[in-house]
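Worksheet for the structure shown next.
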Amino acid sequence: MSHEDFPTENPSVVTCGLPYANGDLHIGHLRTYVGGDIYSRSLRTLGQQTAFVCGSDMHGTPVAVNAEKEGVTPEEFALRHHEKYKETFPKFEIEFDNYGQTHDETNTELTQEIVRTLEEEGYVYEKEIPVAYDPDADQWLPDRFVEGTCPYCGAHARGDECDEGCGRHLEPGEIEDPTSTLTGNPAEYRERQHKFFAVSDLQDYLQEFINRLEGTSNAQNQPRDWIEGELQDWCITRDMDWGIDYPGEEADELVLYVWVDAPIEYIASTKQYTENVGADVFDWEEAWKESGDIVHIIGRDIIQHHTVFWPAMLHAAGYVEPRAVMASGFITLNGKGFSTSRDRAVWADEYLDEGFHPDLLRYYLATNGGFQQDVDFSWSKFQERVNSELVGTVGNFLYRSLLFAYRNFEGTPDAPLSDEVRERIEEAIDEFQAGLNDYSIRKSGNAAVRLAQFGNEYIQRNEPWKLTDEDPEQAAQVIRDCVQIAKAVAVLFAPTAPGKMQELWTQIGEEGDVSDVGTDAALESPAANFDEPEALFEKIEDERVEDLNEKLAERVAEATDDDDSDEDTEDDDSMTESESVETELEPLADDRISFDDFLELDLRVGEILDAEGIDGADKLAKLTVDIGVEERQIVAGIKQLHDLDSLAGQKVIIVANLEKAELFGVESNGMLLAAGDEADILTTHGDAVPGTKVQ
Ligand SMILES: [Zn+2]
């Protein structure tokens, strides 16, 4: 990679995908915001100048559609949710330096200015296109006002996105068999003049850009097909009232497509930050126009927008390109998707009302899996992680060592730091830094937990309680080391658990805010005196978890009774939607088959040798599978659901005697078995060799 490691001399901007001002937040939504907050805090701890910004996405058709349902103006509707988000984020210690909204003056002006620049630079042209129209309502049907069939994969698609199928962005006019969501009537396509951004002119640029892009590997791999295939130009106007007016004469007629003004809020929000604190503290122009290290943290459903359209727009308008995109996996609840309409969710407010400290959830979300992996939340898993890691490892070390220090020395004993512990702390700092440069908040967060684990071993091995009488000097040495470890844990764990680490900081007699100190503080001498410590983390009891599980189950049952439509359209999706598509369990099949029928299936154990995406197909991957007797080429719809690079060596189960088929011009000779919409791949429990029959 061509970028220097963090910390660099440049100003850095960390952003989170904007939430649509359109619904309540549940803990699944929080994953990217917690991730962004931890990442930006960690960069600061490393000494990197950093702005952490975001804002509410006020525009777009979901807001307009829902406002219409409630009979209020879109602005009123969106502002209400915006205010709610602004209140909720700090409760989880997600502290943006600026939290704006896309409808404010700063973003409106900046968006219009950037569009004018794109025009001047020759990247905008007009074209007549078919646009869906509802003759009964006498209204154009942009984006979410129309539903129909995805022309690429045949799935049911809504507006500008094939959200239940291939995940592709859909241009106006592309949906087949369009229906109006206003009246439910079939929509007509009428010719209409619209503005286009010539993304295809920037193909060469984008091909180089994607090789420079850092972040999670999904963000670099997923867009390659688009960037290397035929790039579509992008319609940037809509026939609506709600949005930012197209600059110039067309102002009366057209607004800008929401995906033009939404990411520009990243810049607008940084600009507002500068206006608040002054350019000497943070200079938005230096960051966005000269040398900024820009890191976008998003849900993986909006990778295309952030790695194709957005950098194309930035480049064409003369702005700095993103340095990195971190795209998170989905989050599920007890193994299934969150569902707001069925009330199967743990709401952000509800979590806090239960009296849990936000740091526990932050720790869970940040370290339960790699950032791009899917994470499952359940109260039982939450309990287990809290009890074993936060209480058992971190809390236990801190409490026993600090209590011992307080009782025997009223604080930190007067002894030098040992080489062993100094080196171990240096190692933890390196690990913390390496985690950030690998864009892994799990790794950077775990650096502190592993250090606490070392602390437990160290105190156990040196048994200072035996030494106080026999060898007081040696006891002082061990305890001095332990207090230093505690101090280092506070510094390195503060980005993940800012509230709890501030408590620790105060407990060990340090002044000020632990979030303001750098990694150097981890090795600076601890305060000589401190008071009796208190346990930082509390065990979650089994009964508590049973209660919580029951509450959730009751609520889901009630909501399901109330909801007699089988439709589960989630209208609260946001730019960072971290939900998987709802998967209701299908009823069991009525018809029994004979054992002979079953034996007709030739199921075999295979081993994936190679997996690669198929050009032009968003979902499909081409697998080479060793099935003992031969190698098979199999096409499977797993491209966006798995990291293809990591599949080699994976044991799988395939149907070996399925008819051959051709998909996207690629022959598929067999079928890979996988469970559910997330394509959870079936594998073997033991070590059956490739070719073994499954029966
Ligand atoms: Zn599709």
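Couple of notes before you dig in:
- Amide H contacts under 5 Å for Asn334, placed H, 5+ residues apart: Phe377, Ser378
- Between helix 472-493 and the chain: long-axis angle, C-alpha atoms, 0 to 90°, nearest 10: 20 degrees
- Listed peptides 7-18, 325-336 appear in the order 7-18, 325-336 once ranked by packing, highest mean of other Cβ atoms within 10 Å at the front.
- Directionally averaged projected area (the chain, Cα convex hull): 34.4 nm².
- Relative packing of 610-617, 541-548, which averages over residues the other C-beta atoms within 10 Å, highest first: 610-617, 541-548
- Ellipticity estimate at 222 nm from DSSP helix runs (n ≥ 4, -39,500 (n - 2.57)) divided over the chain, nearest 500: -11500 deg cm²/dmol
- Note on His315/Glu463: beta-carbon distance plugged into 1/(1 + (r/R0)^6) with R0 of 60 Å gives a FRET efficiency of 0.45.
- Potential extension, Thr560-Lys127 segment - 0.36 nm per residue separation minus Cα distance: 151.2 nm
- Counting every other Cβ atom within 10 Å of each residue's Cβ, Trp505, Trp465, Trp347 order from fewest to most as Trp465, Trp347, Trp505.
- Which of Cys54, Cys153 has the fewest Cβ neighbours within 10 Å, and the rest in rising order: Cys153, Cys54
- Each Lys or Arg adds one and each Asp or Glu takes one away; over the other residues whose Cβ falls under 10 Å from the Cβ of Phe493, this sums to 0.
- Building the convex hull from the alpha-carbon atoms of segment 172-310 and averaging its projection over directions returns 11.5 nm².
- Distance-filtered residues of segment 393-429 - backbone nitrogen under 17 Å, label point 7 angstrom along Glu503 Cα→Cβ: 393-403
- Between 0 and 90 degrees, the angle of helix 358-367 with respect to the longest Cα principal axis of the chain falls at about 70 degrees.
- Rounded to whole Hz, the Karplus (6.51, -1.76, 1.60) HN-Hα couplings of segment 38-52, x for glycine and proline: 5, 5, 5, 4, 5, 4, 5, 4, 6, x, 7, 5, 9, 10, 10
- The 3J(HN,Hα) values that the Karplus relation (6.51, -1.76, 1.60; θ = phi - 60°) gives for segment 338-345 are, in residue order, 5, 9, 6, 6, 8, 6, 8, 7 Hz. Gly and Pro appear as x.
- Between 0 and 90°, nearest 10: helix 542-562 axis offset from the chain longest Cα axis: 10 degrees
- Karplus-derived 3J(HN,Hα) values for segment 640-646, using 6.51 cos²θ - 1.76 cosθ + 1.60 with θ = phi - 60°, are 8, 9, 9, 7, 4, 4, 9 Hz; glycine and proline are entered as x.
- Fully extended contour minus Cα-Cα distance, from Lys289 to Lys551, at 0.36 nm per residue: 89.2 nm
- Rounded to the nearest 0.05, the FRET efficiency derived from the C-beta distance between Asp615 and Glu667 at R0 = 22 Å is 0.90.
- Among 287-296, 466-475, the peptide with the highest mean count of other Cβ atoms within 10 Å heads the list, and the full ranking is 287-296, 466-475.
- Of Gln640, Ala434, Leu43, farthest towards positive along the dipole that unit charges on Lys, Arg, Asp, Glu beta carbons give the chain: Ala434
We did not get these values from a lab; they are worked out from the coordinates using the rules stated. Please read all numbers here as calculations on a predicted model, not as lab measurements. Backbone-built Cβ (ideal geometry, glycine too); neighbour counts: all protein chains shown.
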